[in-house]
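Here the structure comes first, spelled out in structure tokens, and everything after it is commentary.
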């Protein structure tokens, strides 16, 4: 099954002619010569040949096959044009059947093609032969077979099992599909390790904190732009990056006609450049703005009576600087605590105060707050990652999202929504296959130290419920709670993508055995003992993702588009992938399970064989492909991949299962598997406006069942965490670097949404400027630096320059420092320093430096790096961003608090 | 969007199907609605992919302008391409008539007549003509890999992808070479330019950039068809063209403003909202 052989050219040329393309070129081209001779036999002959050639190409168009783009978490459903003759992928576009975006995909999807055909992809497994691990140290990779590679990994795991130290096994996850439980959850459970660490905390977890502790939903939202009249986007750039960029880009032109759009952002982002209002706030101060806007809305009587309530005598007592007697206000059944929010936080947070604090005019604050309030409930306070991925960002997230509560746009027409019920099934779980050794290992603390006093990570209200990704490096380095001996990483580049990334280089160098599953030899792979090349998610594998917008959610399949029959494992292995690569979440665990069984531990193999038959035929993997040779195992592994996706999506395509075995809550219905996978996309019903409102018979998932302005659910969660550590809530907040306290009149209240001053990482004297990291519009989650379209069109990020890594500085600041456009500069912070090129640009708030994330690779590929494995191209933002956290959510800090200095080199 | 009566793309495609490109009276135009444009460069990448363009050869490109002073700053992205001028200086000044006004009134290029003299490049006020100084896509002929026996050489990728053509990328689009007016990949010594994807038009497909734009900001059709979408939008809004003073009478027109909000660039406070 090795793909190392190149395609044989023994078919008489692809086009069936006796001469190849090169002959044609020699005969007919060289226009200068032909023209010089005038019309001649040469050129006539070339025309005739050209005609034959062109005729043969006329039908050479190909078929559109369904798959999904995973270039960001818009996760757009896609259609891939595959050439009939050569199986070449020619094109990718949005799925025409998607109600969310149709064929209108954002540019990131197109970069996938350059990724697929990137020569720097790893084409087969490789083993490190140089035992020394370090940045810039050549691993001296050598090719190795899959059989050998999997065997090496299995040996390492068996040793942990034999020594009863399975907690020293670790899995790290990056970009996934919803087949992820197999590799990310079940595999470590069966082996016996609690150490499965996801990337979520370097994504935008703090953003979920806001909706969680107001309406009980730890999730991202979708926004009803089609029906809204006002949008305030807080550090969100929906035409540029996350989430559902395709939909919002398509809608944006119309949105500008029907709504007022305001953007809160220190730099002039893509969205800001096209909007009605730009509030270039000082980094870290968004919370002040949110409080001031809430103040105006209540002061001027613009709140939603239906959602919030009313004063019993109708007289508005929300008077600046005056507290309100709660007995005078009758709360709506939909929400609670607005008076407490006013009394504890908002009463004196007027626009003049906010203007001083954030550096934006009071008049603009008034105007936007008024416009927003008047447009309610068709008004959206759009919460992005910018204001929240900060040391004190959780409270800002609450404040921003609570504005939706004030105007009643929560779950409402023209407001904020979630996803309707989705008809996918949980994958079969491994409980019966978890033995005592595994149980013992599972009963250990996680390596990221979540749940400790200093890491509440209150996902879903649970102490230690969420990941603290970046802190896993420290856990590894300190061997606290334990050493990590074996790491299996997939589709992540933690050595690059975590703030203060050098700690990860050290942590990875320390781990004795590391196998990585990815497409490229990344910075992380440079420390690995094994590189296991991954299939490309957009084109080469089974998988499933989902998109959420336009009042729906869709379930989107990844399919192996280059195979004729994706259900035929042989076809997929031969034709469905460019190289000898395998699918992270399914094929590799399966092969590993076989290898472990060879070595006497067969729980995983039994689990897969027993629980993952083909649901249509009932055939187990071993029934479908018997045999113990490696090729048969590879076929079973691919069949396992197919079976898993069929099991996951079964309610959608299997009527009997849907009717008799599943709690089906609506959506499209398919009659069989082939019908579904040929289409590759499924839609829920539409979101029902207001269905969660208690006044409509619904319920919010908070402890109170209502939308909370008073932080009741947060209070409960904080108290649980405090109790767990035998301390009080104030101690938790102090240890975690928040200003709020429970009953201190000189600090903000710990429970209501409130403003906290930025917690500056660095002395403001030594590091006088704020660093504004932002994501690259063509970033593909950091994986596009090696494809030249992302470099040639880099100026899609306003202020950026093609092919160049730049830091954008306001000309006023530059002049003060004697820096001119194009100068080489150094950016330094307490965490480190980088070199880059200065770009003077007016769209930058003075006192800040904005820099697109994603440059600074020293590995990954020849375009991404200056010299592969040795020298970085550009400056890497994570070298100046220190490892700090918004501890209530567990999120890494990227924004708001990063202090830097800049100077000419 | 597929749920609506008929998408813009579908309507414009229907116009192509009902028309005949070879008719004398067809006068193709593209209107770019700057309010819908979000400056995402999908058009540029789609064009590069469709036409097998190498780096630096961007038929579809952009002009970006930042004006004003913080906080009263405006940023504008203007998508650009060959303007298919009515009065085309490139064709006027071409010594061999390699450039000429062809079907649909597209400014066409016949590579067989081109002597690579670059007069057209000098004459074009928009810099929309590109010279092949070398045989293109040399990077795809390289036979070295980043990691020997671990990653691929570009040439190996091409072989694996089944691309026999020289001077072509691994994701080579063969459909580009189908038309009468195309030459099978290009070569050193000739120029080339956007031709409204005439190879697609002949198959009743919209130019790639039009189809690729996620914002539906590009409207394409026949100016001589009174019912066409281009005339519909030109009826709604005032049109602009690039470098009007040059007198080239471009067929690529612009409507509305990139900054579709009411923000007034460089004028005091940000503009009042609607």
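Taking a ≥ b ≥ c as the square roots of the Cα gyration tensor eigenvalues, with a/c under 1.5 meaning rounded and otherwise prolate when a/b beats b/c, else oblate, which class fits the range B:133-245? Since a/c reaches 1.5 and a/b is larger than b/c, the shape of the range B:133-245 is classed as prolate.
Our summary of shape: the Cα atoms of the range A:713-761 have principal axis extents of 29, 23, 17 Å, ordered from largest down, in whole angstrom. Label reach from residue B:204 (point 7 Å along Cα→C-beta): in the range B:17-54, amide nitrogens under 13 Å belong to B:17-21.
What number, rounded to the nearest 500 deg cm²/dmol, is the helix-based mean residue ellipticity at 222 nm of chain B, given -39500 (n - 2.57) per DSSP H run of at least four residues and division by all its residues?
-4500 deg cm²/dmol
Note on residue A:163 and residue B:6: their simple-model spin labels are 7.2 nm apart, each label 7 Å out from Cα toward Cβ. Extents of the range B:14-91, largest first, come to 53, 31, 28 Å (Cα atoms, principal axes, whole angstrom). Express in whole angstrom the spacing between the alpha-carbon centres of the range A:552-594 and the range A:362-417. Each part reduced to its Cα centre gives a spacing of 42 Å. For the peptides B:104-112, B:169-177, the ranking by packing is B:169-177, B:104-112, with the highest mean count of neighbouring Cβ atoms within 10 Å listed first. The C-alpha atoms of chain A define a longest principal axis, and helix A:286-299 lies at about 50 degrees to it. Note that chain B carries a Kirkwood radius of 20.3 Å, evaluated over its alpha carbons pair by pair.
Just B:247, B:93, B:56 to compare: in a GNM of chain B, with alpha carbon springs under 10 Å, which one fluctuates most? Maximum among the listed residues: B:56.
Gain on full extension, evaluated as 0.36 nm per residue between residue A:219 and residue A:300 minus their Cα-Cα distance, stands at 26.0 nm. Annotation: the residues A:759, B:77, sorted from fewest to most other C-beta atoms within 10 Å of their own C-beta, follow the order A:759, B:77. Angle of helix A:393-407 to the longest C-alpha principal axis of chain A, folded into 0 to 90 degrees and rounded to 10: 70°.
Using the alpha-carbon atoms, what tilt in degrees (0 to 90, nearest 10) does helix A:41-57 show relative to the longest principal axis of chain A? The answer is roughly 60 degrees. The mean number of Cβ atoms from other chains found within 10 Å of a Cβ in peptide A:265-274 is 5, as a whole number.
Counting beta carbons within 10 Å around each of B:129, A:484, A:232 and listing the fewest first gives the order B:129, A:484, A:232.
Inter-chain neighbour count for A:241-247: the average number of beta-carbon atoms from partner chains within 10 Å of each residue's beta-carbon is 1.
Among A:502, B:97, rank each residue by its count of other Cβ atoms within 10 Å, from fewest to most, as a rough exposure measure.
Ascending Cβ contact count within 10 Å gives the list B:97, A:502.
Starting from one equal scatterer on each C-alpha and no solvent at all, send me the Debye-based log10 I(q)/I(0) for the range A:446-538 at q = 0.12, 0.22 Å⁻¹, two decimals. After summing over all Cα pairs, the log10 values are -0.40, -1.06.
Beta bridges per DSSP, both residues in the protein assembly as shown: antiparallel share near 60 percent.
Give me the compactness ratio for the range B:123-182, meaning the Cα radius of gyration over 2.2 N^0.38 Å.
Relative to the 2.2 N^0.38 Å estimate, the range B:123-182 comes out at 1.46.
The ellipsoid that matches the Cα gyration tensor of the protein assembly as shown has semi-axes, each √(5λ) in whole angstrom, of 47, 39, 28, with the longest given first. The protection proxy used here, the mean number of other Cβ atoms lying within 10 Å of each residue, ranks peptides A:273-285, A:235-247, A:660-672, A:809-821 as follows, highest first: A:235-247, A:273-285, A:809-821, A:660-672. Computed from the C-beta positions of residue A:129 and residue B:188, the FRET efficiency with R₀ = 56 Å rounds to 0.85. Placing a pseudo-label 7 Å from each Cα along the Cα-to-Cβ vector at residue A:734 and residue B:232 gives an inter-label distance of 6.8 nm.
For chain A, what is the mean residue ellipticity at 222 nm derived from helices alone (per DSSP H run of n ≥ 4: -39500 (n - 2.57); sum divided by total residues; nearest 500 deg cm²/dmol)? Walk me through the numbers before you get to the answer.
Working: 31 runs with 281 residues, N = 905.
-9000 deg cm²/dmol, from helical runs alone.
Here the spin labels are modelled as points 7 Å beyond Cα on the Cα-Cβ line, and at residue A:483 and residue A:833 they lie 3.7 nm apart.
Stretched out straight at 0.36 nm per residue, the stretch from residue A:421 to residue A:724 would grow longer than its current Cα-Cα span by 105.7 nm. Say R0 is 56 Å: what FRET efficiency, to the nearest 0.05, do residue A:333 and residue A:766 get from their beta-carbon distance? Efficiency, rounded to the nearest 0.05: 0.55. Peptide A:110-119 is shielded by partner chain Cβ atoms: per residue, an average of 6 of them sit within 10 Å of its Cβ. Our summary gives the range A:507-586 a relative contact order of 24 percent, counting only alpha carbon pairs under 8 angstrom and 6 or more residues apart.
With an a/c value of 1.5 or above and a/b not larger than b/c for the gyration tensor axes a ≥ b ≥ c computed over the alpha-carbon atoms, the range A:347-487 is described as oblate.
Per-residue packing, averaged as other Cβ atoms within 10 Å, sorts the ranges B:155-164, A:877-886 into the order A:877-886, B:155-164, beginning with the highest.
Please label the shape of the range A:314-425 as rounded, prolate or oblate, based on the square roots a ≥ b ≥ c of the eigenvalues of the alpha-carbon gyration tensor (a/c under 1.5 means rounded; beyond that, a/b larger than b/c means prolate, else oblate).
Oblate shape, in that a/c is at least 1.5 and b/c is the bigger or equal ratio.
In the range B:19-159, Cα pairs under 8 Å separated by at least six residues give a relative contact order of 18 percent. What translational diffusion coefficient, in µm²/s and rounded to a whole number, does the Stokes-Einstein relation yield for the range A:315-377 at 4 °C and a viscosity of 1.567 mPa s, taking the hydrodynamic radius as the Kirkwood radius over Cα pairs? Calculated translational D: 98 µm²/s. For the range A:693-713 versus the range A:470-540, the spacing of their alpha-carbon centroids is 41 Å.
If R0 is 60 Å, what FRET efficiency do you get for residue B:141 and residue A:617 from their C-beta distance, rounded to 0.05? After rounding to 0.05, the efficiency reads 0.80. Of interest is the spacing of the C-alpha centroids, which for the range A:104-136 and the range A:184-244 amounts to 26 Å.
Read-outs throughout are calculated quantities, based only on the coordinates presented, and are distinct from any laboratory measurement. Computed from a prediction, not measured in an experiment: that's the story for all the values here. Neighbour counts are summed over all protein chains in view; Cβ atoms, including those assigned to glycine, are modelled from backbone coordinates with ideal geometry.
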